[in-house]
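Visitor: Please see the structure below; I have some questions.
The values are calculated or read from the model by the stated rules, or taken from the named source; none is laboratory data. All figures in this text were calculated on a predicted structure; none of them were measured in a lab. Using ideal geometry, Cβ is built from the backbone for each residue, glycine included, and neighbour counts are taken over all protein chains shown. Calculation scope for accessible area: heavy atoms of the full protein, side chains included, ligands and nucleic acids excluded. Shrake-Rupley method; radii C 1.70, N 1.55, O 1.52, S 1.80 Å.
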Amino acid sequence: MSNSADRTLHGLNRILTLELARVTERAAVAAARIRGCGDEKAADQAAVDAMRKELNRLPIDGTVVIGEGERDEAPMLYIGEKVGTKEGPSVDIALDPLEGTTICAKNLPNSLAVIAMAEKGNLLYAPDVYMEKIAIGPGYPKGLVDIDASPVDNINALAKAKGVKPNMITACIMDRPRHAKLIEAVRTTGASIRLIGDGDVAGIIHTTDPDETGIDIYMGIGGAPEGVLAAAALRCIGGQMQGRLQLNTQEKIDRAAKMGVKDPNKVYTMEEMAKGDVLFAATGVTDGNLLSGVKFAKNYIQTDTIVMRSHTGTIRNIIARHQDMKKFD
Ligand code: VTB
């Protein structure tokens, strides 16, 4: 492929946006076949295999930068793995073939197959550690909330900007003992908390459409890889996000340093986590607030996917009916 065909004037070839839908559709169907069966590992493995197969069909010279883990711990889609036909643009890829393995195993809401793509060097190379995150949707003044401000100040600032009382704000927080103080502080404002068991990529994306999802703000500590994926989505939809890696041991600081993290306490903006032209796709595995889960009908399989591109800000919802069900075998 010639260079001009690989890229548009503004970054990545837009055709790749739609191609990404195939990749997440395939992973979502594979995981959905065994959702609710209580086997997290099997569902994850199925999604990984399926995503890898489809990814290797794409005309890209891709490198997984956020993946299933570091090389020695993940046999497939590990960090550094080369994917694609190698005949296209050099791109970096962040992926989570099954975000929310536990929720998929229990068939609870909001597990997703997720991928993001950017030009080489434009996604944060984050180690698999925790990340403190804060995110709100579009339409608010820049810097309205801040990771270093108190939770009370953030909730109050958001309520004021939305023109409502704090008790009309809903914060999404992962239900973890590490969030006890955060939860207590948010509750003093009167705000409601949606406690989620897993899946903070969805939790963060949900802030972008509070009327639909009921979530205004995401706060708390989740995975760093999921943080980069969520930042990529918000770059496309709009909104604000900050993240800070939780590098609380020398071993983690050293691991992060090897990946290029010079300041272990740095607060990353959304733009620093996902730069330039970013493509993002997610397909629902289980039913959720923004995406329906995979439906297995008698004569077709139906998937619900959101695909988007930061350069244009176009967001597409693709409900696909796959009549050739054999392709998923
Ligand atoms: C986080 C979160 C993910 O797993 O990585 C979490 O970002 C792991 O955190 O969305 P714990 O160690 O507290 O379970 C998810 O919830 C699902 O992969």
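Visitor: Taking Arg235, is it assigned to a helix (DSSP H, G or I), surrounded by fewer than 18 Cβ atoms within 10 Å (Cβ to Cβ), in contact (Cβ under 8 Å) with a residue 60 or more places away in the chain and not small (Gly, Ala, Ser)?
Guide: Values: assigned to a helix (DSSP H, G or I): yes; surrounded by fewer than 18 Cβ atoms within 10 Å (Cβ to Cβ): no; in contact (Cβ under 8 Å) with a residue 60 or more places away in the chain: yes; not small (Gly, Ala, Ser): yes.
Judged against the criteria, Arg235 is not a match.
Visitor: Being surrounded by 16 or more Cβ atoms within 10 Å (Cβ to Cβ) and more than 13 Å from Ala232 (Cα to Cα) is the filter here, so list the residues in segment 254-290 that pass it.
Guide: Selection gives Arg255, Ala256, Val261, Pro264, Thr283, Gly284, Val285, Thr286, Asp287, Gly288, Asn289, Leu290.
Visitor: Just the residues that are free of Cβ contacts under 8 Å to residues at least 60 places away in the same chain, closer than 24 Å to Thr303 by Cα and open to solvent by 10 Å² or more (accessible area, probe 1.4 Å), please, taken from segment 90-99.
Guide: None - no residue of segment 90-99 is free of Cβ contacts under 8 Å to residues at least 60 places away in the same chain, closer than 24 Å to Thr303 by Cα and open to solvent by 10 Å² or more (accessible area, probe 1.4 Å), so the list stays empty.
Visitor: Can I ask one more? Can you tell me which residue among Val83, Val114, Val91 is assigned by TED's automatic domain parsing to the domain that holds Leu12 and within 13 Å of the ligand (Cβ to nearest atom)?
Guide: The unique qualifying residue is Val114.
Visitor: Looking only at segment 127-166, count every residue that is among the basic types (Lys, Arg) and surrounded by 14 or more Cβ atoms within 10 Å (Cβ to Cβ) and tell me the total.
Guide: 2
Visitor: Tell me whether segment 37-51 contains one or more residues that are open to solvent by 40 Å² or more (accessible area, probe 1.4 Å), of a type in the set (S, T, N, Q) and modelled with pLDDT of 95 or more.
Guide: Checking segment 37-51: at least one residue is open to solvent by 40 Å² or more (accessible area, probe 1.4 Å), of a type in the set (S, T, N, Q) and modelled with pLDDT of 95 or more.
Visitor: Which of the residues spanning segment 100-124 are part of a strand (DSSP E or B) and open to solvent by less than 10 Å² (accessible area, probe 1.4 Å)?
Guide: Ala113, Val114, Ile115, Ala116, Met117, Ala118, Leu123 - these are the residues of segment 100-124 that are part of a strand (DSSP E or B) and open to solvent by less than 10 Å² (accessible area, probe 1.4 Å).
Visitor: Which one of these does Ile217 not meet: (1) of a type in the set (Val, Ile, Thr); (2) touching a Lys or Arg at 6+ places or on another chain (Cβ under 6 Å); (3) closer than 23 Å to Ala171 by Cβ?
Guide: It fails just one condition, (2).
Visitor: Could you check Glu54 against (1) part of a loop (DSSP other than H, G, I, E, B); (2) among the acidic types (Asp, Glu); (3) closer than 23 Å to Asp277 by Cα and say which number it fails?
Guide: (1)
Visitor: While we're here: Give the residues of segment 284-321 that are among the hydroxyl-bearing types (Ser, Thr, Tyr) and within 14 Å of Leu112 (Cα to Cα), sorted by residue number. Step through it out loud before you land on a result.
Guide: Filtering segment 284-321 for residues among the hydroxyl-bearing types (Ser, Thr, Tyr) gives 286, 292, 300, 303, 305, 310, 312, 314.
Thr286, Ser292, Thr303, Thr305, listed by residue number.
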